[in-house]
Amino acid sequence: MACYFTGHWLLAAEDWQLGIGMIETDILIIGGGSGGFGAAIRAARADPEARILLLDSMSQLGGTSTVGGVNNWEPGIGGPGVHYELAARLSPNAIGVGRTVHFSSKEEPYGFSRIDPDSSYESSLRRAGLPKPEARRVHFEPDAMAEAMRTMLREAGVEIRLRTRFTDVSVQGRRIVSITAQPLDGGPPETVRSKLFIDCSGGCHLARAAECGMAFGEEPHELYQEPSAPDSASPIVNGISQVFRVTPAAEAGADELPAAARAPEIQDWVATHRPAAHVTEYPNGDLCVNVLPTMEGAEFHSMPYPEAQAIAQARMHAHWRRMQTDYGFERYRFKSMFPLVGIRESHRLVGRYVLREQDVRAGLLRQARREEIIALADHPLDTHGERNVRGVKLKELEQPYGIPYSCLLPKEYDNLIAASRGASFSHIAASSCRLSRTMMALGEAAGAASALALRDGAVYADVDVAEIRGRLGIPAFEEKALSVWGMRS
Ligand SMILES: Cc1cc2nc3c(=O)[nH]c(=O)nc-3n(C[C@H](O)[C@H](O)[C@H](O)COP(=O)(O)OP(=O)(O)OC[C@H]3O[C@@H](n4cnc5c(N)ncnc54)[C@H](O)[C@@H]3O)c2cc1C
């Protein structure tokens, strides 16, 4: 059979190309978003000999943050990780630090973050305890980000296959044995065998297919005793957003509405919902528009993806027209919809430990499993759209908290680890820790753990967490955080 790989290690190692449609690797990563990028770069740099393959169904790396158009790293503690290097590679032309110049109000429901040349990257690394006007975020050009990720992974020796979808899994006892990879541009499916598997697919598709315990929607209070959880479970998940891009125009005016956006139900939706938009400036002066939300999460997940995306896009054309005519954006014109719908939440793993509201609120010093923390976060609990949870809307945290390693580990398998927004978090905790830089940090932890597991022939649960923490620089980073937030151990 034709080998689709082009990388040096694939061509050199014929012994592990087992036959027609069969490939063997050491570490297989499903999903090349923030989590998948973090996992791949950290694993490859820790173990340059390891055969690492990353699959993603989209045409670019970066997932939600590039193909989904979420070109914004919200203010957040970020961790000691590889985001610094990405930012440096994009600097100065494809990245900027943004400052809010317009806060959303009832009359003008949009926030506007413009690039502020006087704000440093470091100033974007804090959210908890900061007055809103002082918060800074990072805006980047999605294509440049995707390209920087690809360059870094290639330099590190990671084999990347885009437009390739994971479709099936084969397991034996407590081990994942192989998966099926389907090239989306034609060609037969291939079986990929691997020693280790990292699920970075956002909604934990690999763990789901392998029948790991999963959660979807709001948990009832009785499950984790979360103070804000509702009395009963519900299928409500964080709302989705179809992000789009607009560009400056010489003349004031408004875009013509596509037919789908003129439909009465779409017009009604815009008139009755009047959702707020988060508008961020690209380095070239275009604007990214993220309407919060475009559709309820439960509604989105109840429909086939193409149907839900078509409705979301029609709503966004209609909403944009309103922004042009009513909110002062008449000197911008529609440029493009992003191909990937922005999904904030779907299925989540129920792993060895489930991060919960109490951990988020307790903070670094008082939360459970402090000795296992492999990533830090300080974004508020942040749900968009309908909710039964009580009073968690954007309540700022006073200090950062950490995500324990056990949140990445499924109960059912020894050679599978999850590092994306679908890792083991409750619905409420996920609303806080889902930010891109946090997901990248989770990925880095999974990558470091994978290199150690390969070195020692260990299962993920037996990898020394202190060594992962040391390799990631977490202890020193925690000390820094404790001093910034004035906390004492
Ligand atoms: C609308 C919206 C706005 C947001 N705003 C912000 C913000 O302002 N700042 C911030 O920091 N965070 C924000 N977030 C959160 C953040 O962007 C995401 O939580 C984060 O990017 C998720 O990263 P991930 O790696 O977990 O998943 P993703 O980036 O979604 O990556 C998952 C990848 O897996 C791939 N994949 C899925 N299934 C398969 C399969 N079967 N086979 C192969 N590949 C597959 C997908 O193509 C995708 O590339 C926002 C999220 C949304 C949706």
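The values are calculated or read from the model by the stated rules, or taken from the named source; none is laboratory data. Note that the structure is a prediction, hence the values are computed from the model and not measured. Quick reminder, even Gly has a Cβ in these numbers, built from the backbone with ideal geometry, and neighbours come from all protein chains shown.
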If you go through LEU452, LEU435, LEU409, the only one that is under 19 Å from the mean Cα position of the chain (by Cα), more than 14 Å from the ligand (Cβ to nearest atom) and crowded, with 19+ Cβ neighbours inside 10 Å is LEU409
For ARG471: the one exception among (1) in a helix (DSSP H, G or I); (2) touching a helix residue (DSSP H, G or I) at 6+ places or on another chain (Cβ under 6 Å); (3) crowded, with 21+ Cβ neighbours inside 10 Å: (3)
Would you tally the residues in segment 182-206 being assigned to a loop (DSSP other than H, G, I, E, B) and within 22 Å of SER424 (Cα to Cα)? 5
Kindly provide the set of residues from segment 108-166 that are assigned by TED's automatic domain parsing to the domain that holds LEU61, among the basic types (Lys, Arg) and touching a residue at least 40 places away in the same chain (Cβ under 8 Å), ordered by number. ARG150, ARG161, ARG163, ARG165
State yes or no: is ARG174 of a type in the set (Lys, Arg), at pLDDT 95 or above, farther than 28 Å from THR100 by Cβ and touching an Asp or Glu at 6+ places or on another chain (Cβ under 9 Å)? yes
How many residues are part of a strand (DSSP E or B) and either of a type in the set (Phe, Trp, Tyr) or touching a residue at least 40 places away in the same chain (Cβ under 8 Å) (or both) when one looks only at segment 167-176? 5
Let me confirm something: among ASN238, ASN290, which residue is assigned to a loop (DSSP other than H, G, I, E, B) and either under 23 Å from the mean Cα position of the chain (by Cα) or surrounded by fewer than 17 Cβ atoms within 10 Å (Cβ to Cβ) (or both)? ASN238
Only unsatisfied item for LEU482, checking (1) more than 11 Å from the ligand (Cβ to nearest atom); (2) farther than 15 Å from ASP378 by Cα; (3) outside any loop (DSSP other than H, G, I, E, B); (4) of a type outside the set (Ser, Thr, Tyr), is (2)
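Does ALA215 fit the bill of being in contact (Cβ under 8 Å) with a residue 60 or more places away in the chain, outside the structural domain of LEU162 (by TED's automatic domain parsing) and among the small types (Gly, Ala, Ser)?
Values: in contact (Cβ under 8 Å) with a residue 60 or more places away in the chain: yes; outside the structural domain of LEU162 (by TED's automatic domain parsing): no; among the small types (Gly, Ala, Ser): yes.
Answer is no for this residue.
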Taking segment 308-345 as the region of interest, how many residues are of a type in the set (A, V, I, L, M), over 11 Å from VAL289 (Cβ atoms) and not in a helix (DSSP H, G or I)? 3
Residue under evaluation ILE179, criteria (1) out of contact with any Asp or Glu (no Cβ under 8 Å at 6 or more places or on another chain); (2) part of a strand (DSSP E or B), criterion not met: (1)
Output the number of residues of segment 413-429 satisfying the condition of being within 9 Å of the ligand (Cβ to nearest atom) and surrounded by fewer than 24 Cβ atoms within 10 Å (Cβ to Cβ). 0
Report whether or not GLU226 is within 23 Å of ASP414 (Cα to Cα), away from the ligand (no atom under 13 Å from the Cβ), assigned to a loop (DSSP other than H, G, I, E, B) and over 21 Å from the mean Cα position of the chain (by Cα). no
